[in-house]
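What follows draws every value from the coordinates through simple rules; no lab data is involved. Worth saying up front: this structure is predicted, and the values here are computed from it rather than measured. Note that we place each Cβ from the backbone using ideal geometry, even for glycine, and neighbour counts take in every protein chain shown.
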Amino acid sequence: MIPLSPLSPIVRRPCEGGDMARLAFDLSILRILLVEDDTFARELEKTALLELGVANVHISRDTAEALDALERGVPCDLIVADWNMLAFDGRELVTMVHARWPGLSILMLTNNEGLEGIQAARDAGVDGCLIKPFSLAKLREAIQLALVTRLTRIDPAEAAGTVIDPQLTELSETIRKTLAAANAAGNTDTDPKTLADANRFADRLTRQLDDFIGDLGPGAGSRMVVAQLHLDCLRAVLSGRPDLLDHETQNLIVDGLSFAADLVAEDG
């Protein structure tokens, strides 16, 4: 089962006494390992993270230093790394990290604007990609989406053999159609007001998910399906799509997720 954690946007941390921890939105408690071999770029990226309110940024100049830091137990919730480093490229870093620390989220930064470069990073298993140069708003969005993406990597075996309530199936399809419609509208640059509204809505969803997973234990069955549905909604909302911020749409999502949680309350 994936451990969720108490951070913002959303970070995993092991929780004492349970398989999932609380969720909250607070960039100031996010712990980032920044891996960048270019001195000038490294200072710019560190400054950008500090501007977003990230107080805990550990610097590594290459993959070897990053791996050494992780081996030494440097606290880390998210790795932000350059894809095109000289000593080790991003693919090697991702491979090594996933082999030793599979729960860590990885956000790759790249100068390569081609789709092939971005697809190569995604194929390697990164949780997000961001093309340089980028704005603070885009960096915040990329961090949020990378963390949520890692949380949504739920092993299908978790729900194997689970009999899904027909009402839950219908409800899930309704919510996913709403997300798909917003996705079809495309993702444009997010203005400050939309970003603020999206974060408020995401916080609302987070608190609801926090209540739902508070006593989620082994053998949760279809409750894992509902947790996944919550996380998919969070990922869509954090991408800043205005269609999801409409009052009626918000109510549909929140009420639908609440009903889904009620349907599986006795499961497991």
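For Met224, Met96, Met85, Met108, what's the fewest-to-most ordering of other Cβ within 10 Å of each Cβ?
On the way: Met224 23, Met96 16, Met85 19, Met108 29.
Going from sparsest to densest Cβ surroundings: Met96, Met85, Met224, Met108.
Once both labels are positioned 7 Å from their Cα atoms along Cα-to-Cβ, the gap between Leu52 and Arg91 label points is 2.6 nm. Using the Cβ-Cβ distance between Ile59 and Ala265 with R0 set to 45 Å, the FRET efficiency from 1/(1 + (r/R0)^6) comes to roughly 0.45.
Obtain the nm distance between the two label points defined at Trp101 and Ala41 by a simple spin-label model: each point lies 7 Å from its Cα along the Cα-to-C-beta direction. Each label point is offset 7 Å from its Cα along the Cβ direction, giving 2.1 nm.
With the cut-off at 21 Å, report for region 27-151 the share of all Cα pairs above it, as a whole percent.
Numbers: 2255 of 7750 pairs.
So the portion of pairs separated by more than 21 Å is 29 percent.
Could you sort 171-180, 135-144 so that the peptide with the highest average Cβ count within 10 Å comes first and the rest follow in order?
On the way: 171-180: 15.5, 135-144: 19.8.
Result, highest mean Cβ count within 10 Å first: 135-144, 171-180.
Taking 7 Å steps out from each Cα toward its Cβ at Asp255 and Glu71 produces label points 5.7 nm apart.
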